[in-house]
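Asks: The following block contains the structure, expressed as structure tokens.
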Amino acid sequence: MTEHGPTVIEPTAENIATWLLERVAYYLDEPTEAIDAEAPLAHYGLDSVYALALCGDIEDTLSVSIEPTLIWDVENLVDLTGRLVELVAERPRQ
């Protein structure tokens, strides 16, 4: 498993969705093709350590602050992507 350093992405819905899929696949040590973005996140069994790490990745990559519970408050990666797109749109312009 190769660690990915901080990433900068253009925060479009498509880019966020792809990036999230890649991060979850990384944490699960699975190929991205094995991750279904519409499957319930609970299906993948991300433990609290990985969920918190994913939250940190989200904050670092998208420059948004999120509650650590966000991972459990959404149904799947599609919903998480939608929520992150909203948060990026709400962040103050720099």
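Asks: Could you give the nm distance between label points at THR12 and VAL49, where each point is 7 Å from its Cα heading toward the beta carbon?
Replies: 3.7 nm
Asks: On a 0 to 90 degree scale, rounded to 10, what angle separates helix 77-90 from the longest Cα axis of the chain?
Replies: Around 10 degrees separate the two axes.
Asks: To the nearest 10 degrees, how steep is helix 48-62 against the longest Cα principal axis of the chain, on a 0 to 90 scale?
Replies: 40 degrees
Asks: Does anyone have the angle between helix 13-28 and the longest principal axis of the chain? Alpha-carbon axes, 0 to 90°, nearest 10?
Replies: 40 degrees
Asks: What is the Cα coordinate range of the chain on the first, second and third principal axes, sorted by size from largest, in whole angstrom?
Replies: For the chain, the Cα spread along each principal axis is 36, 27, 24 Å.
Asks: Nearest 20 debye, what's the magnitude of the dipole of the chain about its Cα centre given +1 on Lys and Arg Cβ and -1 on Asp and Glu Cβ?
Replies: Working: 4 positive and 19 negative charges, 66 e Å.
It comes to approximately 320 debye.
Every read-out reported here was derived from the displayed coordinates using simple, explicitly stated rules and does not represent laboratory data. Treat the numbers as computed from the prediction; the structure is a model and nothing was measured. With ideal geometry, Cβ positions are generated from the backbone for all residues, glycine too; neighbour counts draw on all protein chains shown.
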